[in-house]
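The values are calculated or read from the model by the stated rules, or taken from the named source; none is laboratory data. Note that this is a predicted model, so its numbers are computed, not measured. Reconstructed Cβ throughout: ideal geometry from the backbone, glycine too, with neighbour counts over all protein chains shown. Side chains are part of the model used for accessible areas, which takes the heavy atoms of the whole protein and leaves out ligands, DNA and RNA. Shrake-Rupley method; radii C 1.70, N 1.55, O 1.52, S 1.80 Å.
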Amino acid sequence: MLRQKESELAWIDNDISNFKENKMANTDLVTYYGQTEKIDQLVEKHGAYLEQLDRKTKLMLRTTLSQYVFMQRICTPEDYSLTEALKDGDFERFLCDGIPEVLINLCSELNGLTAHEAETILEALQHQLRWGNARLLTIQ
């Protein structure tokens, strides 16, 4: 068990070193760090880096997943769905054009997601929004 953990840590250290050496040239890294059937279906439909989702949709998905993970402390996936978390986000209050249909469909498809799966997707979204294919480009 200890050797397995050491091996995992060495792999992570190597990955970080490679990332630094490439000076963030490959900014999309990976979509997820946990592989499940539900996440594989998500990737199959929306791309390895969820590149079919725009920045706005990814931001809204990140907020929705955070709400969902928070509520999983007191509810089960059957008691509180990702669709309910989307509604609780109250996005319609702030968006003139409403919630993107792709996000509504995505949340419906991901209903039953475990908290671990949700956090896995959150990690990928955070990376993509900060460094990857959904980062905000600014003129400096």
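Here are the numbers for this structure:
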{"item": "Answer from 7, 17 - the residue that is loosely packed, with under 12 Cβ neighbours inside 10 Å, modelled with pLDDT of 50 or more and farther than 19 Å from residue 101 by Cα", "result": "7"}
{"item": "Helices (runs of 4 or more DSSP H) completely within region 48-119 that count 1 or more residues being within 19 Å of residue 132 (Cβ to Cβ)", "result": "55-71, 101-109"}
{"item": "Verdict on residue 44 being open to solvent by 30 Å² or more (accessible area, probe 1.4 Å), modelled with pLDDT of 85 or more, out of contact with any Leu (no Cβ under 6 Å at 6 or more places or on another chain) and under 18 Å from residue 120 (Cβ atoms)", "result": "yes"}
{"item": "Region 53-77: number of residues that are in contact (Cβ under 8 Å) with a residue 24 or more places away in the chain and out of contact with any Pro (no Cβ under 6 Å at 6 or more places or on another chain)", "result": "17"}
{"item": "Of all residues in region 84-128 being surrounded by fewer than 17 Cβ atoms within 10 Å (Cβ to Cβ) and of a type in the set (Ser, Thr, Tyr), the one that is nearest to residue 56 (Cα to Cα)", "result": "108"}
